[in-house]
C-alpha cells in the first residue's frame, strides 16, 4: 500500500528550492482526474514557482521548483487545500452517475 | 431568429444544468431545466433547486479571500449533493456543469471550480464557464419577463448600467471606484452592525427609522458614479458622533452638546443619496436606448427603497420596472446554471485550460449568441 509522502524541502541553491509530493489514490483514473483538475490553475506568480504534475499509475506526483522556501510552502499548502476538495468530490460522487443520491 | 436547439441530442426533450457560484461570500448551487424551443412566457425555465450558504463575518469585519475560500471548500460538496437531491434527479440527467468564471475574488472562485472540474471528469459532462454579471442579467430577464430592459446591476462588487445591443450587453455607466454594495457594507462596518443576513439589509432597516436628510456629496460624473468620497465623508460623521467629538459643530449642537442627527438618519441619508445617483444615470440610459423597461439585478437590488425610487422615475416615463426577490437578486447558483445552459445550447465548449477563473471579466466581453 502506498502512503502519502513528500521529499524534504531541499535547498539546491539560494534561489532554487525543491520538493516533491507523492499522493496515492485508489485507481489510476482518480489520480488522472486530480492531475487534470489541478493543472490549469496558475499558482502565485508563475515566475516564482514552477509546478509539474504527473501520474505514475494511481500515484499523483507533484514537483515544486521555487525561488524561496516561503513561496514553496505557500504553493504546497495551496495545492493540498485544493486536493482536499478533489478527494472529497471523488469520495462523494464517484460511481453515482446513474442513481438518485442518498 | 436565433435557434437554441441546433445541438440537441436525438430523443432529448429538455436540458438540465447545474450551476456553481462562489465569486464572493455566497456559495450557491442551483439546477435548472429548459424545455426545447425558445424561452418565452409559455415556455419558462424551471427551477429544480436553488440553495445557498453565506459566509457571515462578525460585526465590524469584512470577508477576506482566504477565509471565504475556506468556507466554500468546506461546503461545496455538501451543497452540490443537497442540490441534486432537492431537484430529485439523477446526475446522468444533467447536460452540463456551469461555474462562475469571473469576475470576483480569486481564491473563492478557484475553490469552486476545483469541484466543478472534478465532477466534470467523474460524470463525463462538459464544463461551461459563466460571466457572473451575465448570469444576473439573464436570470433577471427570465424571472421577470422583461424583454429588452435597461439593466441596473448593483451588488457588493459591481455597479453598472447595462443595455443590450448587437450581441453584447454594453456598459453605459458604472462606478469609477467602489461598488455601491461595498460602500454600504463598509459603512455597516463603521457602525459595527451585524452582517447577518447582510449588512445592506440591516442598513435598510435602520434607514426606515431615519427621517432627517443630511446632505452628502452627490457625485455623478456623466454616466458614471463615484462613491468612495461619499463613504469617507459619512464615515467621518459617524466616527465624530461615536467619539463624541463636540468640536464638530455640524454633528453636535454648540450649546446643548446634543447630536444633530442619529445613526438612523445617516443610514437614511446615505441610501437616499446613493440611490438618487443610480436613478439619475438609469434614467439617462433609458433615454439613450429608447426603452421604458428597467430591470434591477444584484444583491443591492432587493433593497425595497431602491426599487421604490426607481419605480417613481419609471412611472413618470410611462415605463415598467422589474425586480426579483432575494432568491434571485442575491448571488445564487441557479443564475449560473441558466446563463451557462444558454451558452451550452448555442454549442459553446470549454477546454480545461479555458476554465481558469479570472478576477476581472467585463460584462461586454461576452458574445451573447443566444439573442438576436
Legend entry - Criterion (buried (at least 23 other Cβ atoms within 10 Å of the Cβ), touching a strand residue (DSSP E or B) at 6+ places or on another chain (Cβ under 9 Å) and either part of a helix (DSSP H, G or I) or more than 10 Å from every other protein chain (Cβ to nearest Cβ) (or both)) met by exactly one of B:20, B:48: B:20
Legend entry - Out of B:156, B:140, sole residue that is under 19 Å from residue B:335 (Cβ atoms) and assigned to a loop (DSSP other than H, G, I, E, B): B:156
Inset, instruction - Considering each residue of the range B:82-99, count those that are touching a helix residue (DSSP H, G or I) at 6+ places or on another chain (Cβ under 6 Å) and either more than 21 Å from residue B:347 (Cβ to Cβ) or within 8 Å of chain A (Cβ to nearest Cβ) (or both), and give that number. - result: 1
Inset, instruction - Answer yes or no: is there a residue in the range B:162-182 that is within 14 Å of another protein chain (Cβ to nearest Cβ) and assigned to a helix (DSSP H, G or I). - result: no
Inset, instruction - Give the residue, chosen from A:32, A:22, A:52, A:84, that is within 13 Å of another protein chain (Cβ to nearest Cβ) and either buried (at least 16 other Cβ atoms within 10 Å of the Cβ) or in contact with a strand residue (DSSP E or B) (Cβ under 7 Å, 6 or more places away or on another chain) (or both). - result: A:32
Inset, instruction - Return yes or no: is residue B:190 under 19 Å from residue B:280 (Cα atoms) and at pLDDT 95 or above? - result: no
Legend entry - Sole exception among (1) away from every other protein chain (no Cβ under 14 Å); (2) over 10 Å from the mean Cα position of the chain (by Cα); (3) in contact (Cβ under 8 Å) with a residue 40 or more places away in the chain; (4) under 23 Å from residue B:70 (Cα atoms) for residue A:16, by number: (4)
Inset, instruction - Run residue B:78 past the list (1) assigned to a helix (DSSP H, G or I); (2) over 22 Å from residue A:34 (Cβ atoms); (3) more than 18 Å from the chain's Cα centre (by Cα) and report the number of the one that doesn't hold. - result: (2)
Inset, instruction - Return yes or no: is residue B:122 surrounded by fewer than 24 Cβ atoms within 10 Å (Cβ to Cβ) and either modelled with pLDDT of 95 or more or in the same structural domain as residue B:324 (by TED's automatic domain parsing) (or both)? - result: yes
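The values are calculated or read from the model by the stated rules, or taken from the named source; none is laboratory data. Just so you know, these numbers come straight off a predicted model, no measurement behind them. All Cβ positions, even for glycine, are placed from backbone atoms using ideal geometry, and neighbour counts span all protein chains on display.
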